[in-house]
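Colleague: One structure coming up, written as structure tokens, with questions to follow.
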Amino acid sequence: MDVASATPSAVIRLQILEAKGLADCKNPYCVVRLGDKIERSGVGSAGSHPAWGAAEGSVTVTWDAEDFLEITIREKGSALWSEDSKVGTAHVNVSALARLAHFRGSLQVFRRGTEKAGELAVDLLAKEVSPMGPAKLLQPALVKVHSNGLMGAVAAVADFEALDIFKTYHVVLWATSEKFGDMFNSNWDEEHKKLFKDPLKKVVQAEHASLYSDGVCPHFTYWGGKRNERATLGRGNDFLSLLGNGVRKGRRRVYTYVVLDEGMFFSETGANIAKDFFSKHAVHANASPEVRMAGTFRICETPERALILFLDNDSGTYRPSSEHLPILKEVLELNFPGLLVRVLDVTQPQPQDILDFAGPNETKGSKGCVYAGQWKWKVESEDELQASSLQAAASVWEWRNRNGWQRYLPEDECLLDQLQVESKGQQAETSAQLWKQCGPFQEILDGIWAVSQKLNHRDRR
């Protein structure tokens, strides 16, 4: 980013007007953050619909080529010794604001990264602020990554791989409901229909909760570090970097995804049953009987070393219509400008022009297969893949440093991984009562339960 292009007089003027749908607040105020610069508003009126006067809601911050403006609503503690609490945060793409120059309207507020917490009405004015990036939407996509050591251990055993963390991703996508309109996919058969009725529905929802919840223990108690991480995704490279360009442990990977109005939920899938069970579309969709789109995706590389996100409609649960794939492509390109996206219809042959693209091994039964799919790619050696991965963009992971956020590189992440201290005795949050009602999934769940008990017993020794 060309920092020199930011002029000394470049500022963003913010008038906080009112908020709607918040948790009840007695003394709400806003903290406005732009890079390492922080300003604070006055206190608004009490209630779930607070309002700020002209003086109390006026905030001005100097712009110095930062990408995102962060507005956090906080509530003052009710006593001298009590801490202020966080109500929610709204993020703004500065480049999109610069193109508009002026915006008056509502911003979506989120808590815990991706949970909707209300709306904040604001008046934003960008003075002498230059569009530094390709952002088209006023609010950026948000991602929350959940890490689960137990599920990772089970998946590693099933795929005969080294022990690793199993990660699930929730990405807030904008304009999904507007673009899809009244188009949903729920073409399940009689067998899959059972997933959306009790008792199996409760099992699926319990599995979703275990994979996407924040947990109740401190981060240091989790094997592998933090239970969850948050980031702001402003462009296509951010999405690619989030997944390490789709490469983990020397192999290109395949991911199972669903798209709901609440966002895109996905995780890495696998060639064997345990990891694939965790990646089932119904689990990611929290047993929702209908989705906007579902399938698998992978990040492939052209002979010219360009990275392309390939998504398909390969979901035996929801059987999405191929007619909806172009809409999915449009939504992703809108949220991640600069991202190259192609969609594939699972009922059609693979296009000839992509057969020489480098991608994951999806040939069932072959050595190194990561997913038994139908797409065929050029499978690289580990040395070739490592050379290609060196061109990856910097990581988007952010960490709090005093009053600001900073980013660290992939090599820093590797160093942190080496320094993590394993926490012993992690317990699986499992309901044996539900397992007994699982019907056709009894054998799978019994296997998962047995492995988890062995792992816990080993840790206690």
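Here, each number is a calculation from the coordinates, and none is a lab measurement. Please read these numbers as outputs of a predicted model, since none were measured by experiment. Backbone-built Cβ (ideal geometry, glycine too); neighbour counts: all protein chains shown.
Colleague: Residue 214 to residue 83: extension gain in nm, 0.36 nm per residue of separation minus the Cα-Cα distance?
Modeller: My answer for the length gained is 45.0 nm.
Colleague: Further question on the same structure: Evaluate the distance, in nm, between pseudo-label points positioned 7 Å from the Cα of residue 364 and of residue 175 along their respective Cα→Cβ axes.
Modeller: 3.8
Colleague: What net charge do the residues around residue 27 carry, taking every other residue with its C-beta under 12 Å from that of residue 27, with Lys and Arg at +1 and Asp and Glu at -1?
Modeller: Net local charge, residue 27 excluded: -1.
Colleague: Please report the net charge: other residues with Cβ closer than 12 Å to the Cβ of residue 42, K and R +1, D and E -1.
Modeller: 0
Colleague: Relative contact order for the stretch 3-135: what percent, with Cα pairs under 8 Å and sequence separation of 6 or more?
Modeller: Computed value for the stretch 3-135: 31 percent relative contact order.
Colleague: For the stretch 1-152, what is the convex hull (Cα atoms) projected area averaged across all directions, in square nanometres?
Modeller: 11.3
Colleague: Based on the mean of other beta carbon atoms within 10 Å per residue, what is the order of 45-51, 318-324, most packed first?
Modeller: 318-324, 45-51
Colleague: Past the 28 Å Cα-Cα mark, which pairs from 86/202; 179/202; 37/127; 144/364; 136/201; 193/367?
Modeller: Where the Cα-Cα span goes over 28 Å, the pairs concerned are 86/202; 179/202; 144/364; 136/201; 193/367.
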